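What follows is a set of notes on a single structure, which appears directly below.
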Amino acid sequence: MASALGLGSHRFAGALKRSINLSPHAYVTQLRIEHGRRLLRDSSLSISEVALAVGFSSRSHFTAEFRRRVGITPNVYRRRAISASEG
């Protein structure tokens, strides 16, 4: 990301941290979790397939990050999303 903007990595990381209060890694992880939420809600992919589709190395890593950031597991999130769309 930094090189695409013509910045050094430390300068870019500092600017990102000041502007959105996230490190580049945390920002990318947040984007991956958001994409995972959309896939869980709108596709029939398994949780393992969603994990791989959004760049996690395993279902367990995706589940741990998802729970840490969303507060519930991907399975619970999907069940709630399905029940909300039915009602």
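The values are calculated or read from the model by the stated rules, or taken from the named source; none is laboratory data. None of the values given here were measured: they were computed from a predicted structure. For neighbour counting, all protein chains shown are included, and Cβ atoms are generated from backbone atoms with ideal geometry for every residue, glycine included. The protein model used for the area step is the full one, side chains on, heavy atoms only, and it has no ligands, DNA or RNA in it. Shrake-Rupley method; radii C 1.70, N 1.55, O 1.52, S 1.80 Å.
Overview of values
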quantity	calculated
Surface accessible to a 1.4 Å probe, per residue, for the residues of the stretch 7-49, Å²	66 Å²
Surface/4 of the Cα convex hull for the chain, nm²	6.7 nm²
Residue 41 versus residue 25: modelled label distance in nm, points set 7 Å from Cα along the beta carbon direction	2.8 nm
Charged-residue dipole, Cβ positions (Lys, Arg, Asp, Glu), the chain about Cα centre, Debye nearest 20	260 debye
Cα Rg over Rh - the stretch 37-87, Kirkwood	0.96
Share of carbon and sulfur in the accessible heavy-atom surface of the chain [1.4 Å probe, %]	53 percent
